[in-house]
Amino acid sequence: MANTIIVISWIAQILVALLLVMPMMMKFMGKKEVKKLFKKLGVGSGMRYFVGLWELAIIVLILIPATIIWGAGLGFIMGFVASLLHITKLGISVNNDKGMMFMMALAITILSGFVFYVRFF
């Protein structure tokens, strides 16, 4: 049973990393959709780079066995905050994405929370 949970945890960790790669790259590349999103939040490019670095840290930390808990914790916080921002300020659908970014934030929150729970408790 324990081995099965660890395998499922690794699958969740890889999914979190994969879900974060494209948004992270878009932030660093300065795509206009991302700039528009951060402008709607009322923050500048500095915050865009900070969030991109945060995503990069999560990707690295959640894949290294000694730092999985840190990566999962940061991933949960990031996904939760992103979900709240979608609900309160951005709206579920942003830039005609039909809620895809919101669903990604929810998936990251759930998967990271699962990994944190499995690895910490």
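Among the conditions (1) among the aliphatic types (A, V, I, L, M); (2) closer than 21 Å to Gly30 by Cα; (3) modelled with pLDDT of 95 or more, Ile64 misses just one, which is (2). If the condition is being surrounded by fewer than 14 Cβ atoms within 10 Å (Cβ to Cβ), in contact with a helix residue (DSSP H, G or I) (Cβ under 9 Å, 6 or more places away or on another chain) and hydroxyl-bearing (Ser, Thr, Tyr), then the range 68-121 contributes Ser93, Tyr117. Val60: under 27 Å from Ile11 (Cα atoms), in contact (Cβ under 8 Å) with a residue 24 or more places away in the chain and of a type outside the set (Phe, Trp, Tyr), yes or no? So Val60 fails the test.
The values are calculated or read from the model by the stated rules, or taken from the named source; none is laboratory data. As the structure is a computational prediction, the values presented were derived from the model and not from experiment. Here the Cβ is made from the backbone with ideal geometry for all residues, glycine too, and neighbour counts use every protein chain on show.
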